[in-house]
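Just below is one structure, and these are the notes that go with it.
The values are calculated or read from the model by the stated rules, or taken from the named source; none is laboratory data. Everything quoted here is computed from the prediction, not taken from an experiment. Positions of Cβ are backbone-derived with ideal geometry, glycine not excepted, and every protein chain shown enters the neighbour counts. For accessibility, only protein heavy atoms count, side chains too; no ligands or nucleic acids. Shrake-Rupley method; radii C 1.70, N 1.55, O 1.52, S 1.80 Å.
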Amino acid sequence: MTADARLAPAAAAAWVAAALLIGAPEFAWPVAACTGLLTVIVLLLAGRSPGRLGRALAGVALATVGVGVLAVAVAAAAPVRSPAELTAFAGHPGALEVELQGIAHSSSLAAGPPRLLVPGTLRSFDRSGTRVSSSVPVLVFGDIASGGALTAGPGARISGRGTLQPTEPGDDVAYLVFLRGNPTLVAPPSGILAATAALRSGLSAAASTLPGDGGVLLPGLSIGDDSGVGEDLNDAMRSSSLSHLTAVSGANCVVVVAVVMLGGAAAGVPRGARIVLAGAALLAFTVLVTPQPSVLRATTMALLVLVALARGRPGGGLPTLCLAVLVLLAFDPWLSRSYGFALSALATAGLLVLARPLAELLAAWLPRQVAAAIAVPTAAQLACQPVLLLLNPGVPVYAVPANLLAEPAAPVATLLGLAACLLLPVLPPLGAALVWLAWAPSAWIAAVARFFAELPAGRLPWLEGGIGAVLFAALVGTAAIALLVDRRGLLASTVAVLLVVTGGLAGGAVIARARSPDWQLASCDVGQGDASLVRSDGQVALIDTGDDEEALLRCLDRLSIGRVDLLVLTHFDRDHVGAALALRGRADRLLPGLSDGPDADRLVTGLAAGGAQVIDARAGDTGTLGRLSWTVLWPRRDARVEPGNDASVVLRFEGDGIRSLYLGDLGEDGQRRLLATGSVGPVDVVKVAHHGSADQRAALYERLRARLGLISVGAGNDYGHPTEEALRLLAFVGTRVARTDLQGTLLVAAGPAGLLVWSERAPPAAVGGGN
């Protein structure tokens, strides 16, 4: 190991320790005590050991110190982060006050009423006269009508009524806050927070006048505000591995520092004053773009570099990254489970460790400039890919060429957009001109994203979960050893890499395309509609049929289903029952939802004429399917509910190692009423309501804590399903998503280590990491 990497083991050990301890904070103090004792012992041994052994023991001591510091940080922060007096109020409405800490996000492609989500700090909660003051991180859920208050920006204080829902100990927020009604703006942002909020809104307003994707993307490229980016462009940026360009990180900070340092030098400003000005500009920039995890990593590294320059002892990039990681994790150990923080740090490490030797290797066959241009995105992508595999299995094919074409335009758009942001309030004509100039590189990046997103075979299948991530990490490690340590063994290393790649691709292809003979649950790809299957001991239930008879029958044939023992029609929208008559004479029992008129009555009569026994479905009804038990949870017999989405039959199946719940098209109000019955508990799989529309009750999914969410939805549908808000909600509660529009028919089974999921097609690219 080179001297430049001496801090790397300490940073890695501290990171792993933090990620484990925030999930079990009760062990933090014992770990701190043990590592303190271990550090003393190792230092004593190091002092008595000569040469290389002594240096190795000193490195071990440094790692134990890092672990100990993180253990103390977790132990000190955990009780303050989730105070028992607040947790006691969970689920009970009360008066609350929240200080907003980020930019509100909403879905503009909602079939139901959109919702706003914004991070904040809970300052107080009052229930029945008992007031608890606090300073804990929360995520606020509110109606779009709350926009005036929830969109006030970081630093604003709002008050209102709502409920608290505790999260898991390792989550990045301590509670979910579900507002009831519209909150009141107690105090708008002040000082620099007010100034930066005005700058952000000014740039967004100016960019909104630009044509096409260029205007939509510009605020994200320049100040990291991607709240206005539509779902289709967002998908294109993700699938082409370009979404990191709208995540403010190292490249943006380099631009800020370079402008100040070079501009100050041209103006004759002394070196020390330039360093101070650059640091102040960095801090102001962090406030402008909001302190997201990738921003914190980049800013901390840049400040450490400036401090080293001020001392006249500039350090290496890798030690600076490791020190920044240690400082930030000590300040906020919960960053250790942040995907944004991990991707930012790993991309930077990839650039620092792999980019140069990779460029030297490629220079043997390519011009040096071309080799360097290819090496940079390749190094970052390789370093990030193990983490990206945890988000979405598969290896992006076009990531490197897409970044080669797009990244040269990114600093131009960033510099021009940032300059426009600063000048619009004081010199509007010049600011407007810069916005138009920045439009060209922004539009180019969007065009590149859409071009590569539309190409076929954009993603190679790969093994899922931790195994796939470890396998790819082994690939990267083997390549790094070949590049850094043993160039003479490059041929053997290349063979090893090829074996790993072959194994990963083959395993991924099997998972992505195989058909398990032991499947228990299925979502048929019937376009924009629902058709879900449950199977046990040779018996089959079908929940809804979709509106495409050919697609439904094709799915049933592929799964060798001749008869349906239980047919459930949750409600009578065509996308749920349009193909039902194709099952006339093939269904034994029928559970229809609440009739909405003569057409529904005729459909039920037709199925009954084919031999189906009609069972009136209401909450509390139970039955069996093979070894499974099923229970109707909604609608209640005494519920005043109109026919339609909120009258959807909600059914729970239990047995054979899987608990599953089917929500039909139940909307937020229906979900609220279902939750109030007290009949809902944790499940393993949930069929996400209404094709993933925005009309969801977050508290329901928090209660369910499903490991897997199945979304039955048509590709390119006109409703914007599934919405970004629904996907974010599912990701937040830890529910992994599988979608028929992207993956085709889905099959699920219980495995020895959890759920096994097969899909007709490999899933698309995941979000890329910034550098």
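With respect to residue 305, is the statement that it is among the β-branched types (Val, Ile, Thr), touching an Asp or Glu at 6+ places or on another chain (Cβ under 8 Å) and crowded, with 19+ Cβ neighbours inside 10 Å true?
no
Can you name every residue in the stretch 226-246 that is open to solvent by 30 Å² or more (accessible area, probe 1.4 Å) and touching a Ser or Thr at 6+ places or on another chain (Cβ under 9 Å)?
Within the stretch 226-246, 226, 227, 228 meet the criteria.
Given (1) farther than 30 Å from residue 20 by Cα; (2) open to solvent by less than 50 Å² (accessible area, probe 1.4 Å); (3) touching a strand residue (DSSP E or B) at 6+ places or on another chain (Cβ under 7 Å), where does residue 148 come up short, assuming only one miss?
Residue 148 satisfies every listed condition except (2).
Mind listing whichever residues of the stretch 744-757 are in contact (Cβ under 8 Å) with a residue 60 or more places away in the chain, open to solvent by 10 Å² or more (accessible area, probe 1.4 Å) and not small (Gly, Ala, Ser)?
Hits for the stretch 744-757 are 745, 755, 756, 757.
Quick one: count up the residues across the stretch 309-348 that are farther than 16 Å from residue 7 by Cβ and either open to solvent by less than 30 Å² (accessible area, probe 1.4 Å) or β-branched (Val, Ile, Thr) (or both).
Of the residues in the stretch 309-348, 10 are farther than 16 Å from residue 7 by Cβ and either open to solvent by less than 30 Å² (accessible area, probe 1.4 Å) or β-branched (Val, Ile, Thr) (or both).
Within the stretch 565-582, can you find the residues that are more than 21 Å from residue 745 (Cα to Cα), of a type in the set (A, V, I, L, M, F, W, C) and either out of contact with any Gly (no Cβ under 7 Å at 6 or more places or on another chain) or buried (at least 23 other Cβ atoms within 10 Å of the Cβ) (or both)?
Of everything in the stretch 565-582, just one residue is more than 21 Å from residue 745 (Cα to Cα), of a type in the set (A, V, I, L, M, F, W, C) and either out of contact with any Gly (no Cβ under 7 Å at 6 or more places or on another chain) or buried (at least 23 other Cβ atoms within 10 Å of the Cβ) (or both), namely 572.
How many of the residues making up the stretch 589-602 are open to solvent by less than 20 Å² (accessible area, probe 1.4 Å) and in a helix (DSSP H, G or I)?
1
Just to be sure before I move on: is residue 176 open to solvent by less than 30 Å² (accessible area, probe 1.4 Å) and assigned to a strand (DSSP E or B) in the structure I sent?
yes
Being in contact with a Pro (Cβ under 6 Å, 6 or more places away or on another chain) and assigned to a helix (DSSP H, G or I) narrows it down to one of 71, 63, so name that one.
63
Among 562, 585, 529, which is outside any strand (DSSP E or B), in contact (Cβ under 8 Å) with a residue 12 or more places away in the chain and either open to solvent by less than 10 Å² (accessible area, probe 1.4 Å) or under 18 Å from residue 664 (Cβ atoms) (or both)?
529
Within the stretch 723-770, can you find the residues that are modelled with pLDDT of 80 or more, part of a loop (DSSP other than H, G, I, E, B), touching a strand residue (DSSP E or B) at 6+ places or on another chain (Cβ under 7 Å) and of a type in the set (Gly, Ala, Ser)?
Selection gives 744 alone.
Wholly within the stretch 379-472, which helices (runs of 4 or more DSSP H) include no fewer than the required count, namely at least 3 residues that are within 19 Å of residue 224 (Cβ to Cβ)?
In the stretch 379-472, the matching helices (runs of 4 or more DSSP H) lie at 410-423, 428-453.
Scan the stretch 397-448 residue by residue and report those that are more than 16 Å from residue 214 (Cβ to Cβ), among the aliphatic types (A, V, I, L, M), touching a residue at least 12 places away in the same chain (Cβ under 8 Å) and surrounded by fewer than 21 Cβ atoms within 10 Å (Cβ to Cβ).
397, 400, 404, 419, 422
So which of 605, 624 is surrounded by fewer than 22 Cβ atoms within 10 Å (Cβ to Cβ), over 20 Å from residue 535 (Cβ atoms) and among the polar types (S, T, N, Q)?
605
Give me a count of the residues in the stretch 670-679 that are out of contact with any Phe, Trp or Tyr (no Cβ under 9 Å at 6 or more places or on another chain), of a type outside the set (Lys, Arg) and touching a residue at least 24 places away in the same chain (Cβ under 8 Å).
Going through the stretch 670-679 one residue at a time, the tally reaches 1.
Take residue 161 and decide whether it is of a type in the set (D, E, K, R) and open to solvent by 30 Å² or more (accessible area, probe 1.4 Å).
It is true that residue 161 is of a type in the set (D, E, K, R) and open to solvent by 30 Å² or more (accessible area, probe 1.4 Å).
Given the options 193, 242, name the one that is among the aliphatic types (A, V, I, L, M) and at pLDDT below 85.
One residue alone meets the criteria, 242.
Quick check on residue 340: is it touching a Cys at 6+ places or on another chain (Cβ under 8 Å) and either at pLDDT 80 or above or closer than 28 Å to residue 217 by Cα (or both)?
No.
Under the condition of being in a loop (DSSP other than H, G, I, E, B) and over 24 Å from residue 553 (Cα atoms), which residue from the stretch 616-632 is modelled with the lowest pLDDT?
By that ranking, first place goes to 617.
Only one of (1) crowded, with 22+ Cβ neighbours inside 10 Å; (2) in contact with a Leu (Cβ under 8 Å, 6 or more places away or on another chain); (3) on the phi < 0 side of the Ramachandran plot is not met by residue 153, so which one is it?
It fails just one condition, (3).
Among (1) modelled with pLDDT of 90 or more; (2) within 26 Å of residue 287 (Cβ to Cβ), there is one condition residue 150 misses while meeting the rest; what is its number?
(1)
Pick out the one residue from 76, 104, 95, 58 that is under 24 Å from residue 162 (Cβ atoms), aliphatic (A, V, I, L, M) and open to solvent by 20 Å² or more (accessible area, probe 1.4 Å).
Testing whether each residue is under 24 Å from residue 162 (Cβ atoms), aliphatic (A, V, I, L, M) and open to solvent by 20 Å² or more (accessible area, probe 1.4 Å) leaves just 95.
Name the strands (runs of 3 or more DSSP E) wholly inside the stretch 633-696 in which the number of residues that are over 15 Å from residue 570 (Cβ atoms) and out of contact with any Pro (no Cβ under 8 Å at 6 or more places or on another chain) is 2 or more.
Result: 650-655.
Name the single residue, out of those in the stretch 687-724 being hydrophobic (A, V, I, L, M, F, W, C) and under 21 Å from residue 527 (Cβ atoms), that is surrounded by the fewest Cβ atoms within 10 Å (Cβ to Cβ).
Among those that are hydrophobic (A, V, I, L, M, F, W, C) and under 21 Å from residue 527 (Cβ atoms), it is 715.
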